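Worksheet: the structure to be examined is printed underneath.
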Amino acid sequence: MKTDIIQKLKEANLKGRGGAGFPTYLKWESVLNSKAPKKYIICNAAEGELDLAKDKYILENYFKEVISGIQIALETIDNSFAYIYLNKKYSSLVDKELLKSLNITLIEEDTGYIGGEESSAINFIEGKNPEPRKRPPFVSEKGLFNMPTLVNNVETFYYVSKIAKGDYQGERFYMIVGEKIKGGVYELKEGMSIREILKETNNYLDVPFYTQIGGGAVGEIMIEKEFDNLVSGEGFIRVISYEEDPYQLMEKWAEFLVNGNCDKCTACREGTYRILEMVKTRKLDLKVLDEIFLTLEKTSFCALGKSIPTPFRSLINKVI
Amino acid sequence: MINIQIDGKKIIADEKKCILEIARENGIKIPSLCYHSDNSPKEGCGLCVIEIEGRKGLFTSCGTYPEEGMIIRTKTPEILKVRKTNLELLFSQHAEKCGDCIWNNRCRMLNLAKAWGLHINRWEDRKKDYPQYDFNNVLTFDSSKCINCSNCVETCEKQGIGFLEIKKEGSFHVVTPSKDKNKDCVYCGQCVVHCPSGSFSGVDPSLQIEKEIKNNKYVVFQFAPAIRTSIGEEFEMEYGSVVIEKMIAGIKKLGAKKVFDVSVGADIVTIEEANELIERLTKKEKLPMFTSCCPAWVKFVEFYKPELIPNLTEVRSPHIVLGGIIKTYFAQKENIKPEDIVVVSVMPCISKKYEIQRKELKGSVDYVLTTHELARMFLKNKIDLNSIEGEPRDEILGIPSGAGVIFGSSGGVAESATRTACFKLLNKKLDKIDFKEFRGEEEIKEATVEIGEIKIRIAVVNGLLNARKIIENHLREFDYIEVMSCPHGCVGGGGQPVPTSREIRRKRSEGLYQIDENEEIRIADENPIVQKIYKDFLTDKNLIKKICYTHFSKKEKEN
């Protein structure tokens, strides 16, 4: 039975929906095979990316399925205990009585963007500063309270329950935002191109536009000639018309990142702040920006810091 | 041990050490700011990055450990470039207030910036308007100099205090003093010596001292045991160098009339403390007896564990005792009005600044200077301890026993008191003078000393978290407990020169034991200066009580 669900996850080719896209069955297998007196399961509902609200949508509409996914993990992994690590803003979306009755611990957080990273989440639950941990060890070997820990996103647990029921046909959730479109959260097939998704959801603008893919802050800018690329990472698409002010968008990213990082690394703490200063004054010194970008990519401790140059660099190169 | 290569050099490395340490041991310099060998790797400043062949990206050498066959490069053009940017970014937050910084001319930030030809004011300092916190006019934290490394927070936590916290204010994380009413600073000053950016420092009284000298006051300096093996560091001497006569000459050049040795006070403390211990052991009361010469430890007891106040020895600390002797015995002898005498103690310590403010001790000592504050006075007055001609000690209160000198190292008070207790109880010359079981850097040392019929169970502890462990779990197992707040005792004090490390503290301590070993007189009671004081002056019980004893009381949160 235990290997059964893992086999199903493998066959379904389910990849983590928190953004990193790691094969779910491998995480489950690793935690299952680790030897330890206790194990932990964390449903990550911190959803802190800028303008992203697909986990919110899933909690609103499919809370029971998410819980059922967590229960499958509890049944699969011996001596395991489950937590829901929830963005405080979503507090009203969960049935606290139900969680209590199922012995699932609810942790509400308002730690910002970096607090949603899985090892930051573990630090927060342990009462520590929510900043990323060094890997290895991976959290599946040594996670919460030093025990093997399975951290999956809300959407991942939702699909685990569908896979267990034989109800999954390779769907995923997409969130589409933009000033000139209706947008929203859509459940569609995985592996669709930007163009297909926008057309199918009626969000394809009839004026020239470009997009930001994979994350509201650190997603990459894709222009019309790249619209046949697939949407990977977080299923996020921002639709931006050329009439909009790109500096305002950069300012929004930079504000978000300065506020949402953990301030551990010099480049991320100070470099991002100087990026914000430059975009605010609309004076980009490209040489200085390049130095900061390189330093962010090379000397940031975690993936967030390393990914900060992506949106700025692609917007500057492709649009400005 | 494993084989690795750094910058083409083949190295056999200990896999438990980080690459940064291994490189340094092998003469390969890697710059770093946030790494401190006493703490966990912080991996934040971004200066110590290296490249590992076959792996993508760069890695922090402080947080990366070697693996067999690893090929490491530390100086590629890309590495040099990002290090420069990171240092410029560090300067972009840090307000450069170099004039009175405890790093004097050894600031790693500034030295690297000079070596790399950086533009340190490329950006306006982000933290220029950040607040300065003053803790009871003893210790200050200037948060505009902070570079977010969090070594202070870890250090404070490791002391079991947790007074310094990281909090998010607006968009940024900042270090702030705790508002929790159950947490308070004990002024140990370990934050001062673990901060790479000089954000913490003692409140420096040197301007007032200069004024007293200028106003023709009779200014007397006394220097603590641990100063003599650390002040040389401020003048690039080898760690552990013994510097006494040259320092005395330097202090005299500043305008001091006399320079005395706190270790003489330590000899008096030893005699009184051994008396008190023997008395408590005989009466079997208020045991275990704790030492109380460390004011940070005393504040810890008064704030965190007031139920243990009766267990503290009531003997004053060495510089307070000697300060009292200076203003009475010495003043009488030299025919100087006590009110004209200004006593300045040079201490390896921040909490001594707090101690002299205590109302029950007021008047004995007027100012406390730390080791690095004295060094800065020397620098300011162009006094170089390398070239100055030494001056002999002022004999009247200037020559201690060896026992008084080892007070500066964790275990020294216990050893000194044990020597005296043996001497008193056995009433004969001792066969054994060295009690090596109390020496060394271990955080908790224990031994049972048998003197005739009497067995004394002794513990020696450094670090307040360790003290807490002993108090909470093993209190009844001991009769006498020496506690020093700082690692390795006063040699690792918060007023000592920066940088500090286990190795540096060990060398300072070895220097003190070396002095003791070479001393003919190694028991406090045999010090002729002290014998003379007891014979001529401290003859009356009430006077002894007045000059040598104090009391303690429960403390509320002050900061």
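Exactly one residue out of A:Gln212, A:Gln248 is at pLDDT 95 or above and part of a helix (DSSP H, G or I), and it is A:Gln248. Considering the stretch A:123-149, and only residues there that are surrounded by fewer than 18 Cβ atoms within 10 Å (Cβ to Cβ), without any contact (Cβ under 8 Å) to a residue 60 or more places away in the chain and over 24 Å from B:His173 (Cα atoms), the residue that is farthest from the chain's Cα centre (by Cα) turns out to be A:Asn146.
All conditions in (1) over 30 Å from B:Ile52 (Cβ atoms); (2) free of Cβ contacts under 8 Å to residues at least 12 places away in the same chain hold for A:Asp290, with the sole exception of (1).
For A:Pro311, the stated conditions do not hold, so it cannot be described as surrounded by fewer than 19 Cβ atoms within 10 Å (Cβ to Cβ), out of contact with any Lys or Arg (no Cβ under 6 Å at 6 or more places or on another chain) and either among the hydroxyl-bearing types (Ser, Thr, Tyr) or touching a residue at least 40 places away in the same chain (Cβ under 8 Å) (or both). Scanning the stretch B:155-168 for residues that are within 11 Å of chain A (Cβ to nearest Cβ) and in contact with a Ser or Thr (Cβ under 8 Å, 6 or more places away or on another chain) gives B:Glu165, B:Ile166, B:Lys167. Restricting attention to the stretch B:81-108, the residues being crowded, with 22+ Cβ neighbours inside 10 Å, touching a His at 6+ places or on another chain (Cβ under 7 Å) and in contact (Cβ under 8 Å) with a residue 60 or more places away in the chain number 1.
Residue count for the stretch B:193-212 under the criterion of being under 18 Å from B:Glu234 (Cβ atoms) and surrounded by fewer than 17 Cβ atoms within 10 Å (Cβ to Cβ): the result is 0. Taken together, the residues in the stretch A:288-302 that are among the acidic types (Asp, Glu) and more than 7 Å from chain B (Cβ to nearest Cβ) amount to 2. Scanning the stretch B:140-169 for residues that are of a type in the set (Val, Ile, Thr), buried (at least 19 other Cβ atoms within 10 Å of the Cβ) and under 19 Å from the mean Cα position of the chain (by Cα) yields a total of 3. Filtered by the rule that a residue be of a type in the set (Gly, Ala, Ser) and within 22 Å of B:Val365 (Cα to Cα), the stretch B:231-268 gives B:Ala249, B:Gly250, B:Gly255, B:Ala256, B:Ser263, B:Gly265, B:Ala266. Of all residues in the stretch B:185-209, exactly one satisfies the criterion of being without any contact (Cβ under 8 Å) to a residue 60 or more places away in the chain and more than 16 Å from B:Leu164 (Cβ to Cβ), namely B:Leu207. Within the stretch A:215-245, the set of residues being outside any loop (DSSP other than H, G, I, E, B) and among the charged types (D, E, K, R) comprises A:Glu220, A:Glu224, A:Lys225, A:Glu226, A:Arg238. Out of A:Ser91, A:Ser120, one residue alone is of a type in the set (S, T, N, Q), more than 30 Å from A:Gln7 (Cβ to Cβ), surrounded by fewer than 13 Cβ atoms within 10 Å (Cβ to Cβ) and under 21 Å from the mean Cα position of the chain (by Cα). It is A:Ser91. In the stretch A:266-287, of all residues being of a type in the set (A, V, I, L, M, F, W, C) and either surrounded by 24 or more Cβ atoms within 10 Å (Cβ to Cβ) or closer than 12 Å to A:Ser300 by Cβ (or both), the one that is nearest to the other protein chains (Cβ to nearest Cβ) corresponds to A:Ala267.
A:Gln212 meets the conditions (1) touching a Gly at 6+ places or on another chain (Cβ under 6 Å); (2) more than 14 Å from chain B (Cβ to nearest Cβ); (3) closer than 30 Å to B:Glu43 by Cα; (4) of a type outside the set (Asp, Glu) in every case but one. The failed one is (3).
Can you tell me which residue within the stretch B:327-342, out of those that are buried (at least 16 other Cβ atoms within 10 Å of the Cβ) and touching a residue at least 60 places away in the same chain (Cβ under 8 Å), is nearest to B:Ile213 (Cα to Cα)? Ranking the qualifying residues of the stretch B:327-342, first place goes to B:Val342. On the stretch given as the stretch A:40-57, residues that are surrounded by 24 or more Cβ atoms within 10 Å (Cβ to Cβ), more than 15 Å from A:Gly184 (Cα to Cα) and not acidic (Asp, Glu) total 7. Of the listed requirements (1) part of a loop (DSSP other than H, G, I, E, B); (2) free of Cβ contacts under 8 Å to residues at least 24 places away in the same chain; (3) within 13 Å of chain B (Cβ to nearest Cβ), A:Asp206 misses just one: (3).
Taking the numbered list (1) farther than 26 Å from B:Val153 by Cα; (2) at the interface with chain A (Cβ under 8 Å from one of its Cβ atoms) in turn, B:Lys29 passes all entries but (2). Evaluate the stretch A:72-79: report whether one residue or more is buried (at least 22 other Cβ atoms within 10 Å of the Cβ), under 21 Å from the mean Cα position of the chain (by Cα) and either of a type in the set (D, E, K, R) or more than 17 Å from A:Met147 (Cβ to Cβ) (or both). No; the residues of the stretch A:72-79 include none that is buried (at least 22 other Cβ atoms within 10 Å of the Cβ), under 21 Å from the mean Cα position of the chain (by Cα) and either of a type in the set (D, E, K, R) or more than 17 Å from A:Met147 (Cβ to Cβ) (or both).
Being more than 14 Å from chain B (Cβ to nearest Cβ), under 27 Å from A:Asp110 (Cβ atoms) and in contact with a helix residue (DSSP H, G or I) (Cβ under 6 Å, 6 or more places away or on another chain) is a condition met by at least one residue of the stretch A:242-265.
With the condition kept exactly as written, say whether any residue in the stretch B:335-349 is part of a loop (DSSP other than H, G, I, E, B), at positive phi and polar (S, T, N, Q).
yes
Against the definition (of a type in the set (S, T, N, Q), buried (at least 23 other Cβ atoms within 10 Å of the Cβ), at pLDDT 95 or above and more than 27 Å from A:Glu118 (Cβ to Cβ)), how does A:Thr201 come out, yes or no? It is false that A:Thr201 is of a type in the set (S, T, N, Q), buried (at least 23 other Cβ atoms within 10 Å of the Cβ), at pLDDT 95 or above and more than 27 Å from A:Glu118 (Cβ to Cβ).
Meeting the requirement of 2 or more residues that are more than 10 Å from chain A (Cβ to nearest Cβ) and modelled with pLDDT of 95 or more, the strands (runs of 3 or more DSSP E) wholly within the stretch B:32-124 are B:49-52, B:71-73.
The values are calculated or read from the model by the stated rules, or taken from the named source; none is laboratory data. In this text, all values refer to a predicted model and were calculated from it rather than measured experimentally. FYI the Cβ positions are ideal-geometry reconstructions off the backbone, even for glycines, and counts take in every protein chain you see.
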